[in-house]
Ligand code: NAD
């Protein structure tokens with residue numbers, strides 16, 4: 001069984017936690033908005049915190065489809081390294097105590113999860129309403145953007161193993177294309193691509209429109225592990241507050257909200273939800 005840290009709270013932190021639990025209990029509709037931070041304790045590093053991820057893989061080359069195609073052509077080994085670093089931790093990850101606690105919140109108050117993550121961990125934790133505004137690493141779409149299949153976790157794991165081997169040896173480009181063939185549609189199902197929103201793309205639909213509506217309709221908006229640096233996703237907390245929702249933020253870094261609970265997702269979320277369900 002996974003070891004779960006239990007944070008010891010100071011008096012003022014206990015007060016904030018109780019206040020947040022009261023805000024949640026008083027709500028008729030809740031939005032839980034998650035970023036990379038909630039999955040950090042499942043072993044999936046965030047891009048911003050992880051020792052210079054964007055310095056090793058410059059945003060200009062790796063954060064847009066055009067950049068990725070150019071990078072793959074010029075330096076397939078580097079692209080293989082990038083894709084490996086993104087998919088390998090996701091292929092091995094499992095939901096943590098924070099994902100699981102959020103799934104239990106549904107039993108108390110109607111809850112919509114809006115996630116910027118592409119890792120599928122909220123669904124794996126059994127949340128029934130999850131909107132993936134940046135897409136999913138497991139989804140496939142046609143070049144017109146229509147859903148056209150999925151890759152499974154074991155397939156993602158095999159992809160990662162093949163990509164890792166490309167660090168050494170010859171023929172990097174064809175080996176990389178072969179490794180990611182399930183993603184890019186070099187097969188019988190025609191041409192497709194992973195369902196991921198990169199820089200310059202529109203947000204994943206209909207999830208984004210539904211997320212904006214959910215933010216407007218909720219009376220408590222709780223954000224967990226979001227830097228607020230990624231737009232337009234970062235507009236959702238403002239949209240919720242502008243429509244009268246109370247706001248809670250859970251993050252080790254100071255975050256704008258009515259109540260900021262300082263700490264990691266697994267330290268705070270399970271204790272908060274326990275308070276909501278027991279009092
Ligand atoms: P982000 O904007 O999602 O911010 C990460 C936030 O998490 C920071 O505020 C940080 O203080 C906080 N954090 C770090 N560890 C935490 C913990 N244990 N508990 C709670 N909060 C914690 O950051 P990003 O990494 O730059 O991601 C940008 C985008 O890239 C995301 O919006 C997402 O689309 C994608 N991404 C997804 C995943 C994933 O699917 N797991 C991982 C990395 C990046």
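The values are calculated or read from the model by the stated rules, or taken from the named source; none is laboratory data. For clarity, every value in this text was computed on a predicted model and none was experimentally measured. Quick reminder, even Gly has a Cβ in these numbers, built from the backbone with ideal geometry, and neighbours come from all protein chains shown.
Here is how the numbers come out for the structure above:
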read-out: Residue in the range 149-162 that is within 22 Å of the chain's Cα centre (by Cα) and in a strand (DSSP E or B) present; value: yes
read-out: Matching residues in the range 238-253 - criterion: being over 13 Å from residue 222 (Cα atoms) and within 9 Å of the ligand (Cβ to nearest atom); value: 252, 253
read-out: Selection count where residues are crowded, with 23+ Cβ neighbours inside 10 Å and either within 11 Å of the ligand (Cβ to nearest atom) or assigned to a loop (DSSP other than H, G, I, E, B) (or both), scope the range 96-113; value: 3
read-out: Candidate set: the range 54-65, residues that are without any contact (Cβ under 8 Å) to a residue 12 or more places away in the chain and assigned to a helix (DSSP H, G or I); chosen: the one nearest to residue 36 (Cα to Cα); value: 54
read-out: Selection status of residue 87, buried (at least 20 other Cβ atoms within 10 Å of the Cβ), part of a helix (DSSP H, G or I) and either free of Cβ contacts under 8 Å to residues at least 24 places away in the same chain or within 21 Å of the chain's Cα centre (by Cα) (or both); value: yes
read-out: Residues located in the range 217-227, provided they are more than 12 Å from the ligand (Cβ to nearest atom), out of contact with any helix residue (DSSP H, G or I) (no Cβ under 7 Å at 6 or more places or on another chain) and part of a loop (DSSP other than H, G, I, E, B); value: 219
read-out: Given (1) out of contact with any strand residue (DSSP E or B) (no Cβ under 6 Å at 6 or more places or on another chain); (2) touching a residue at least 12 places away in the same chain (Cβ under 8 Å); (3) part of a helix (DSSP H, G or I), index of the condition residue 253 fails; value: (3)
read-out: Test for residue 234: is it in a helix (DSSP H, G or I) and either under 29 Å from residue 76 (Cα atoms) or away from the ligand (no atom under 12 Å from the Cβ) (or both); value: no
read-out: Residue in the range 74-84 that is surrounded by the fewest Cβ atoms within 10 Å (Cβ to Cβ), counting only those that are more than 21 Å from the chain's Cα centre (by Cα) and touching a residue at least 24 places away in the same chain (Cβ under 8 Å); value: 77
read-out: Pairs, first within 10 Å of residue 91 (Cβ to Cβ) in the range 143-155, second part of a helix (DSSP H, G or I) and at pLDDT 90 or above, C-beta under 7 Å, six or more apart; value: 153/91
read-out: Residue 79 touching a strand residue (DSSP E or B) at 6+ places or on another chain (Cβ under 8 Å), away from the ligand (no atom under 12 Å from the Cβ) and in a helix (DSSP H, G or I); value: no
read-out: Single residue of the range 36-53 satisfying the filter (more than 6 Å from the ligand (Cβ to nearest atom) and assigned to a loop (DSSP other than H, G, I, E, B)) that is nearest to residue 267 (Cα to Cα); value: 42
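A quick yes/no check of all residues on (1) under 23 Å from residue 142 (Cβ atoms); (2) in a helix (DSSP H, G or I); (3) at pLDDT 95 or above; (4) in contact with a helix residue (DSSP H, G or I) (Cβ under 7 Å, 6 or more places away or on another chain):
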| position | (1), (2), (3), (4) |
| --- | --- |
| 193 | yes, no, no, yes |
| 200 | yes, no, no, no |
| 215 | no, yes, yes, yes |
| 229 | no, no, no, no |
| 238 | no, yes, yes, no |
